[in-house]
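Student: The structure is given below, and queries will be raised subsequently.
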Amino acid sequence: MVEIEGYSEDQIAAVCEMWKLGSPVDVSAFLDRADIPEQVKKKVREAGASLVGRHNDATQADAYRLMQICIIIEVIKLDKRWSPSE
């Protein structure tokens with residue numbers, strides 16, 4: 001089962017659906033959204049760039065996956081209806 005920062009796979013799927021993030025999460029579409037604060041978009045971009053900067057063997061796919069995870073985490077922070085699984 002997938003878990004990100006204490007959120008269950010079902011919670012993550014629900015957030016992705018409610019926020020129309022795509023399946024899999026579409027990073028480009030997310031970065032183009034007007035309803036997402038620029039500060040959040042910056043965190044997502046930096047997440048991908050930091051992976052490549054820290055690991056010489058990191059691929060673009062690795063960076064993209066990290067950006068997808070960052071999007072989920074940041075959207076959950078924006079949407080106060082969610083709390084981690086117990």
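Student: Suppose the filter is in contact with a helix residue (DSSP H, G or I) (Cβ under 7 Å, 6 or more places away or on another chain) and modelled with pLDDT of 95 or more; does residue 75 pass it?
Tutor: For residue 75, the condition - in contact with a helix residue (DSSP H, G or I) (Cβ under 7 Å, 6 or more places away or on another chain) and modelled with pLDDT of 95 or more - is not met.
Student: Search the stretch 26-40 for residues being among the charged types (D, E, K, R) and in a loop (DSSP other than H, G, I, E, B), and hand back the single one that is surrounded by the most Cβ atoms within 10 Å (Cβ to Cβ).
Tutor: 26
Student: Just checking, how many residues over the stretch 10-25 are in a helix (DSSP H, G or I) and crowded, with 16+ Cβ neighbours inside 10 Å?
Tutor: Final tally of qualifying residues: 4.
The values are calculated or read from the model by the stated rules, or taken from the named source; none is laboratory data. For clarity, every value in this text was computed on a predicted model and none was experimentally measured. Every residue, glycine as well, gets a Cβ built from its backbone with ideal geometry; the counts of neighbours run over all protein chains shown.
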